[in-house]
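The values are calculated or read from the model by the stated rules, or taken from the named source; none is laboratory data. None of the values given here were measured: they were computed from a predicted structure. Every residue, glycine as well, gets a Cβ built from its backbone with ideal geometry; the counts of neighbours run over all protein chains shown.
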Amino acid sequence: MGKVQRHQGANQADRWRKRAGRRRLSRRLPRPLLGLLLLGVGTLAAAVTQFAIHSTAGQQITSGLQTTIGLQSTIANWTEPLPGPMQGRASVIDGDTVEIAGQRIRFNGIDAPESRQYCDDAKGFEYPCGRRAAQALDEFLAASRPLHCSFVDRDRYGRLVGNCERADGRSVQRWLVGQGLALDWPRYSSGAFATEQGTAKAARRGVWQGRFDQPWDWRAANADKVEKVSQPSSGLSVLGNPGCNIKGNVSVNSGDHIYHLPGQEHYDETVITASKGERWFCSEDEARAAGWRKARR
């Protein structure tokens, strides 16, 4: 091989080596930068992922706690064990509900006209059949105390649902239906008081003397007139307002308007009769504003 050819070959080999070196250099130099870039992207992605996980988990935990608290509250309200039989002096709330020692009791299987409900009498004139039923029940219970009740359930308002008898053993539900002051409620009674209702209807007693709306139908059509149901023993009404457990009584002797607080001497024996102008209050301020004064003991 000649000198010129050897020189050209050497030059070509040098050019190949330089090109190879540049290619290797181009492959080497970006790696640290690429690594740093990938590390940064990876760190950022991990941070975003962790944030999303913790954020979602936090929301889930918060939501879960709220749900659990809500469920526990509901379960505590509606799965509370039923108490054993109870007896005591009953205060009349309306035609199918009484209170014994601060505990509301709804009579099982019957439905009386609502406190604000009116019916037509035999001559077609309206009369307050709801208040009339409550007044008659008050007088019936006063004739043989105490009242004995055994419980079968709680209603959607948390009230106890029970079968009740006077001290002489007479069934309160059968008497109310037999006098036409309440109706047999087949939805819950399975016709247990159908015989008494048939007798009252044939004799045109109570609501059967004229035209009337069945209490459950009247409530559906007059939701704005239905009084709020509260459970005084819990101190909190079903609708979330303070419990209306203060008794506003009108003295028979003096006509004074006196309110009694739970725990006072005559609280349990005080009977509230709406037809006499007596009522329940949710606070002492409300009672005083209405003209009632606090009982002395």
### Task
Determine whether Gly210 is over 26 Å from Ala142 (Cα atoms) and at pLDDT below 80.
no
#### Entry: Lone unmet requirement of (1) within 15 Å of Asp96 (Cβ to Cβ); (2) at pLDDT 95 or above for Lys201
(1)
## Note on the structure
Ala134 passes all but one of the listed conditions (1) in a strand (DSSP E or B); (2) buried (at least 16 other Cβ atoms within 10 Å of the Cβ); (3) of a type outside the set (Val, Ile, Thr); the exception is number (1)
## Note on the structure
If we ask which residues in segment 229-257 are at pLDDT 75 or above and either in a loop (DSSP other than H, G, I, E, B) or over 23 Å from Leu137 (Cα atoms) (or both), their number turns out to be 7
### Query
Out of all the residues in segment 276-291, which are under 12 Å from Val250 (Cα atoms), in a strand (DSSP E or B) and either touching a Pro at 6+ places or on another chain (Cβ under 8 Å) or not basic (Lys, Arg) (or both)?
Trp280
